[in-house]
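Visitor: Structure below; questions to follow.
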Amino acid sequence: MTTNRAHNIAAYRIPRRLRLATLTAGCLLLTACAAVGPDYQAPSVDSGEGWSLPLANASSHADLSNWWAGLNDPVLDRLIATALAQNLDLQQAAAKIDEARALRDRVAGERLPAVGASASINRRRQSENGPLPIDSMPGVDATQTIYDAGFDAAWELDLFGARQRALEGADARLQATQAEAQGVRIRIVAEVARAWFTAVGTEHELRAQASTLNTLQQTLELTRLRQAHGDAPLADVDVAYAQWAAANALTPDIQARQRAAVLGLGVLLGSPPERELSLLKGQMGSLTLRTLPIGERADILRRRPDVLAAERHLAASTADIGVATAELFPKLSIGIGGGFQALSTGNWFDASSSRFSILPLVSWRLFDGGRVRAEIRASEAAAHQAALAYEQAVLAALGDAERTLSDYHAGLATLERLTAALNASRTSYERSRTRYAAGDMTLVELLVVQRTYHETEKTVAHAHLNAAVQMVALYKALGGGWDAPAQSSLTPLSAEEHYRIYKNLAQTQKEINHAN
């Protein structure tokens with residue numbers, strides 16, 4: 001019985017002529033396919049002639065993917081590695097990529113036929129007084145059991161490229177999401193480095209502040225002793241105490257900034273805030289500032305994820321115009337169904353029980369109150385907005401990089417000058433100690449010089465911290481912290497060519513007029 005049924009199933013064939021005609025028509029239709037709407041071309045941008053500041057380290061091959069590694073700070077390396085592995089913002093960004101990829105795969109699946117299978121057993125009784133004279137039809141029972149099994153397939157041919165444009169848009173949005181995820185990575189790296197540098201820098205500030213307080217405490221005690229012996233008025237004691245109290249009041253704020261930075265590290269590492277509090281108990285080392293190569297200014301266009309994402313959003317918006325334009329043209333769908341139907345299981349899968357159908361369907365929106373054309377205009381406006389947003393992203397990236405570069409250079413210059421002042425203050429203090437030991441200077445005078453020296457130390461520590469934070473901001477602005485593509489689809493040509501994308505919109509209007 002099984003062999004007989006298999007033979008009958010194999011005998012079930014679509015008629016040769018019908019099959020050949022269907023394939024021929026499909027090939028002809030597919031050959032005639034043309035995607036309507038503008039073809040996307042990456043906009044050209046003008047990145048200028050180079051950095052506005054003269055730089056000796058503007059290498060054309062700057063690798064900024066792991067810029068912090070050049071600082072040789074093992075604690076910073078550990079913190080950033082942990083953050084990249086555990087940070088919750090990065091995990092959310094990865095989930096968004098998975099979502100965008102799934103949406104892209106769904107759009108890609110819509111280009112393929114949809115095939116389904118079904119099987120049913122239907123027990124029914126027909127009315128003897130209905131439109132069919134069942135009681136007068138010999139051999140036909142009013143009560144029947146119908147056995148049915150088969151398949152059905154439906155396919156909408158992409159005659160005018162609506163599905164192709166939709167896939168282009170989905171691909172571009174996936175790439176934009178991936179670029180935005182890299183932007184999150186850059187931000188997390190920068191925030192970890194800034195928090196760590198703040199913790200280290202405030203540690204040096206606290207040391208300098210403690211030295212200043214110690215000097216002021218000695219000055220206060222000496223002034224009180226002199227006042228007790230009648231060598232100094234009471235007003236001098238009040239002045240000395242006021243100076244000590246004012247300096248002492250600054251310590252809690254510095255400690256709070258340091259603790260806040262360490263608590264922030266815990267959250268950035270995807271852990272409770274107190275995770276890294278143990279760092280406050282040990283030596284934090286020193287801040288390292290290095291003049292790392294920053295590359296050419298035009299490299300920003302391929303390294304900045306926000307610029308790359310804006311360009312991909314522009315590509316997606318351009319593809320949406322084609323999707324909307326395709327609604328002006330007719331659609332061709334083909335439905336195919338087949339299977340076996342019988343009144344008994346004995347001959348259910350016999351060749352004589354086979355059934356087959358093919359249904360070509362052409363649909364065309366001849367009148368819709370102007371909705372399609374309104375959708376096209378809306379898509380064009382969205383593409384215009386995306387182009388302006390891309391231009392804004394480019395200008396903002398260039399401005400951000402120039403500003404942070406200027407800030408960092410100013411911070412280094414300030415630190416250099418303050419370091420010179422610190423060296424001079426140290427020399428003065430050492431000479432004053434020598435004079436005090438020789439009896440040529442009083443202790444009060446020595447303490448004044450010492451306080452100046454320690455206050456300069458604190459100022460230098462604060463300037464060092466500012467320069468380190470400015471360095472982090474610079475490499476964030478340059479797009480450092482991820483493996484940027486070696487080449488970008490963005491060509492740094494004239495700014496006027498940036499609006500070349502708009503010229504393609506004229507093609508859409510011609511197609512609309514042609515469809516009318």
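The values are calculated or read from the model by the stated rules, or taken from the named source; none is laboratory data. Everything numeric in this text was worked out from a predicted model, so none of it was measured. Counting neighbours? That spans all protein chains shown, and the Cβs are built from the backbone with ideal geometry, glycine included. Heavy atoms of the whole protein, side chains included, go into the accessibility calculation; ligands, DNA and RNA do not. Shrake-Rupley method; radii C 1.70, N 1.55, O 1.52, S 1.80 Å.
Visitor: Going by the structure shown, is ARG111 assigned to a loop (DSSP other than H, G, I, E, B) and of a type outside the set (Phe, Trp, Tyr)?
Guide: Taking the combined requirement at face value, the residue satisfies it.
Visitor: Here's something else I'd like to know. Being among the acidic types (Asp, Glu) and within 29 Å of LEU53 (Cα to Cα) is the filter; apply it to the range 369-423 and report the residue that is most open to solvent (accessible area, probe 1.4 Å).
Guide: Within the range 369-423, the match that is most open to solvent (accessible area, probe 1.4 Å) is GLU416.
Visitor: Working carefully through the options ALA351, ALA342, find the one that is open to solvent by 40 Å² or more (accessible area, probe 1.4 Å), more than 15 Å from ARG165 (Cα to Cα) and not charged (D, E, K, R).
Guide: Within the list ALA351, ALA342, the selection yields ALA351.
Visitor: Residues being open to solvent by 30 Å² or more (accessible area, probe 1.4 Å), assigned to a helix (DSSP H, G or I) and aliphatic (A, V, I, L, M): count how many of those fall in the range 424-448.
Guide: Total satisfying the criteria: 5.
Visitor: For residues that are open to solvent by less than 30 Å² (accessible area, probe 1.4 Å) and either β-branched (Val, Ile, Thr) or in contact (Cβ under 8 Å) with a residue 40 or more places away in the chain (or both), tally how many sit in the range 207-221.
Guide: Looking only at that region, the number is 6.
Visitor: I need every pair where a residue in the range 105-130 that is touching a residue at least 12 places away in the same chain (Cβ under 8 Å) has its Cβ under 6 Å from the Cβ of a residue that is among the β-branched types (Val, Ile, Thr), sequence separation at least 6 or different chains.
Guide: Listed by first residue and then by second, the contacts come to ASN122/ILE146; ARG123/THR145; ARG125/THR143; GLN126/ILE134; GLU128/ILE134.
Visitor: Provide a single number: the residues in the range 249-259 that are more than 14 Å from THR198 (Cβ to Cβ) and either open to solvent by less than 60 Å² (accessible area, probe 1.4 Å) or among the hydrophobic types (A, V, I, L, M, F, W, C) (or both).
Guide: The total comes to 3.
Visitor: Being outside any helix (DSSP H, G or I), open to solvent by 30 Å² or more (accessible area, probe 1.4 Å) and at negative phi is the filter here; which residues of the range 63-98 pass it?
Guide: ASP63, ASN66
Visitor: Shifting gears a bit: Filter the range 201-224 down to the residues that are hydroxyl-bearing (Ser, Thr, Tyr) and in contact with an Asp or Glu (Cβ under 8 Å, 6 or more places away or on another chain) and list them by number.
Guide: Passing the criteria: SER211, THR212, THR223.
Visitor: Within the range 280-324, how many residues are in contact with a Pro (Cβ under 9 Å, 6 or more places away or on another chain) and of a type in the set (Ser, Thr, Tyr)?
Guide: Total satisfying the criteria: 1.
Visitor: Is it fair to say PHE151 is crowded, with 20+ Cβ neighbours inside 10 Å and not in a helix (DSSP H, G or I)?
Guide: Considered against the rule, which asks whether it is crowded, with 20+ Cβ neighbours inside 10 Å and not in a helix (DSSP H, G or I), PHE151 comes out as no.
Visitor: Take the residues of the range 401-439 that are of a type in the set (Phe, Trp, Tyr) and farther than 15 Å from LEU465 by Cβ: which is modelled with the lowest pLDDT?
Guide: Per the criteria, the residue is TYR436.
Visitor: Which of the residues spanning the range 358-391 are closer than 25 Å to VAL45 by Cβ, touching a residue at least 40 places away in the same chain (Cβ under 8 Å) and not hydroxyl-bearing (Ser, Thr, Tyr)?
Guide: Matches in the range 358-391: GLU380, ALA382, ALA383, HIS384, GLN385, ALA386, ALA387, ALA389, GLU391.
Visitor: Please state which one of VAL267, VAL262, VAL237 is open to solvent by less than 70 Å² (accessible area, probe 1.4 Å) and without any contact (Cβ under 8 Å) to a residue 24 or more places away in the chain.
Guide: VAL237
Visitor: What number goes with the only condition from (1) open to solvent by 70 Å² or more (accessible area, probe 1.4 Å); (2) of a type outside the set (Gly, Ala, Ser); (3) part of a loop (DSSP other than H, G, I, E, B) that LEU287 does not pass?
Guide: All conditions are met except number (1).
Visitor: Examine the range 110-122 for a residue that is touching a Lys or Arg at 6+ places or on another chain (Cβ under 9 Å) and either surrounded by 13 or more Cβ atoms within 10 Å (Cβ to Cβ) or over 30 Å from PRO272 (Cβ atoms) (or both), and state whether such a residue exists.
Guide: yes
Visitor: How many residues does the range 348-396 contain that are within 30 Å of ASN122 (Cα to Cα), of a type in the set (A, V, I, L, M) and part of a helix (DSSP H, G or I)?
Guide: The total comes to 1.
Visitor: Tell me the residue from VAL192, VAL200 that is in a helix (DSSP H, G or I), open to solvent by less than 30 Å² (accessible area, probe 1.4 Å), in contact (Cβ under 8 Å) with a residue 12 or more places away in the chain and in contact with a Ser or Thr (Cβ under 8 Å, 6 or more places away or on another chain), please.
Guide: Result: VAL200 is the single residue among VAL192, VAL200 that is in a helix (DSSP H, G or I), open to solvent by less than 30 Å² (accessible area, probe 1.4 Å), in contact (Cβ under 8 Å) with a residue 12 or more places away in the chain and in contact with a Ser or Thr (Cβ under 8 Å, 6 or more places away or on another chain).
Visitor: Would you pick out the residues in the range 84-117 that are among the hydrophobic types (A, V, I, L, M, F, W, C) and under 16 Å from the mean Cα position of the chain (by Cα)?
Guide: The answer is LEU84, LEU88, LEU90, ALA93, ALA94, ALA95, ILE97, ALA100.
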